[in-house]
Every structure is written in structure tokens, then in C-alpha cells.
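Any read-out appearing in this document is the output of simple, stated calculations on the displayed coordinates, not a laboratory observation. Everything numeric here is computed off the predicted structure, so don't read it as measured data. No Cβ is skipped: glycine too gets one built from the backbone with ideal geometry, and neighbour counts run over all protein chains shown.
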Amino acid sequence: MGYINKRKFFTILSLLLLVLVLSMTSISAASLNSSNTSVKVYSTSVAIHTSSSNTKSVAVTAPTISLSLTQINEGLSRVKTFYNSYHRLPNYITFGTSKLTMAQFQQNITSKGQLVGDLSLIQINDGLPRIQTFYNANHRLPNHVTYGTTNIPISKFKQIMAINGSIINLNRLLAFKPIYITSDNIRNVKIDNERVTNIINGLNALGLKAYNMGLGPNYHIEVLQSSQVPKNALIIDIYGGADAGVLYEMGTAWYKSIKGTRYVFSIFWPPAKVITGLDFLERAHDDNYSPPSFTGLAHPDQYLQQNGYRYMYSDVISTIVNSIFYEATY
């Protein structure tokens, strides 16, 4: 699977943060405190209890302007709208006559460092890698997370994650890339479109937006030239064969000029030749676009990596979806 085997596949934290994006605006103030909706910190430290009953003090600085949970929810929605339009975080956010920098806004979010529900932050962080291991093996979330003799239903774990804003990194929360998929003509129009549709459905189930940009040999270029594809987009190109000319083109100044700041991730669908560890990829028999002197590409895997591209080799939809999810949220 190319580079995928060389580094961590993806963190389940990103998956659960998707739940936060979808549910945060619907969490009421009563979810935390029915009698006091203000987010305030009255002490300089918060006791965090581990599963082994050890205690650790973590310094928490009270925000200079205290927002209610309703204000935080509304502010998150406005920040996300701004990010979707301008592909960056705003410099500040206003609440009435108050103007907060993004650092102050994040401070309001992270100030909710008290225990939420039945789990501490350390317990949450302990549960996340175990959920990830289960998800990688079974391609679904577990039914519950175990702490000693206690089973926490996954729905409650996600709710605790959503409420406990002190583990949120706002940049990470908003940085999901929109996904645009192109494909070679691999089998036939029906099967190839179904493949792309299945990938899109899998991504939609994880809360990501993905679009089918077409089938054919030139769509991997047309998608980069489209003014409708945003600058922060993730482009997924599915190939039924490893074409030396196409891969070489990705390293040229011309290709990089139309790619701009977009991300490109290549998927090689079997029986495409495996390029990982390959010494030389010969010119494709139907290559009528490369110079006559071009005979092929040496070490194509290294060539892609040296030019900043990642790739994978698979015909398993769930594996592909997981990899694209990682690329879109990394």
C-alpha cells in the first residue's frame, strides 16, 4: 500500500471529531449545567483522575471574556462558515460589542477542562487508541469502551467527546478537505461509476463531502483546471494501470502550476503494476503524449514521494475510504 505501511494509518480522534462538527451546534447549555450556562473557571488547576486513581494537576487559565456554551456553539458555526469560504481561520470573532481573537476563543473552548460525564481527559485519551485499533481491524466503531469493569457505550463516549471541548484543536476541527474523485476507464462505465459511488458513500458516512468528477484518461488534469474546485481540495485519482508518463508529468512545473495548493492522492487499482520498490517503470504502450526520448521512469515510488505525493495500491473499498479519510483530515 505504498507509504501507508510506513506510518500511522490515521487517528480515530479525527473520526470522532467529525461527530463534534455535526453535533456541536445542537448541544444545549443544559447538557452541561442546567443552572449556570456560563463557561467559567474559578481555580487555577483542575484535578484529572486516571483509571488507576492517580491524580495529576493541569494548569488552566481563565479566559478574559467568558462565553456561554450557546455563544461558543454559535461562534463555532460562524468560524466554520468563514473557513469554508476563505480556507483559513478568521483573525477574530465578535460577540455583541466584544471582539475575541482566535486564541481567546480557543481559550474559552479549552477552559472547560473539568470532568465530563464518567470519564477524565486521561481516560478519554486512553480509550481513543483502543477504539482506533478496533476500527482498523473491523472498519466500524466498537459497541462500547471498557474501563476496568465498566463498559461505556460508544454513543456515550462520543457524547463526552462532543461536550468536552478542552481536547479540541480548532484548526484540526475545521481543516477537513473537500474531496474530488476522478477515475480511469478500468472495467466499464457502470462498474467504474459504481466503484466511485461506493467510495463516496463511505466518505459521506464518515461526514466528509466527496464528488465524482468523471471517468476517462484526462479528468485527472481537468479537475485541476476547474475553477469550481477549491484551492484546499483533495484530488483522488484512481488508476487502472501505472503509467510512467502520467507519473512523470506530476513532477513537472506545468502540472504543479495547475495543481497549486491542492492535494493529489493516487490510487492504483489492481491489476495495476505495483510501483513500490520498482526499479524502473517502462513507458506505457499507449503513451502518445510523452516525448519520443522518454522510455520510462526510474524508481517511480521515490519520484512521487520526492515531489510531495502519496499513493496506495488496493481494490478494497473500505481500505480506500479509510486512506482517503486520513488524507482529508491529516
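Extension gain for residue 317 to residue 143 (0.36 nm times residue separation, less C-alpha to C-alpha distance): 60.4 nm.
Here the translational diffusion coefficient of segment 207-330 follows from Stokes-Einstein with Rh set to the Kirkwood radius across Cα pairs; for 4 °C and 1.567 mPa s it amounts to 85 µm²/s. Here the spin labels are modelled as points 7 Å beyond Cα on the Cα-Cβ line, and at residue 278 and residue 294 they lie 1.5 nm apart. The residue 189 and residue 302 beta-carbon pair, evaluated with R₀ = 45 Å, returns a calculated FRET efficiency of approximately 0.85.
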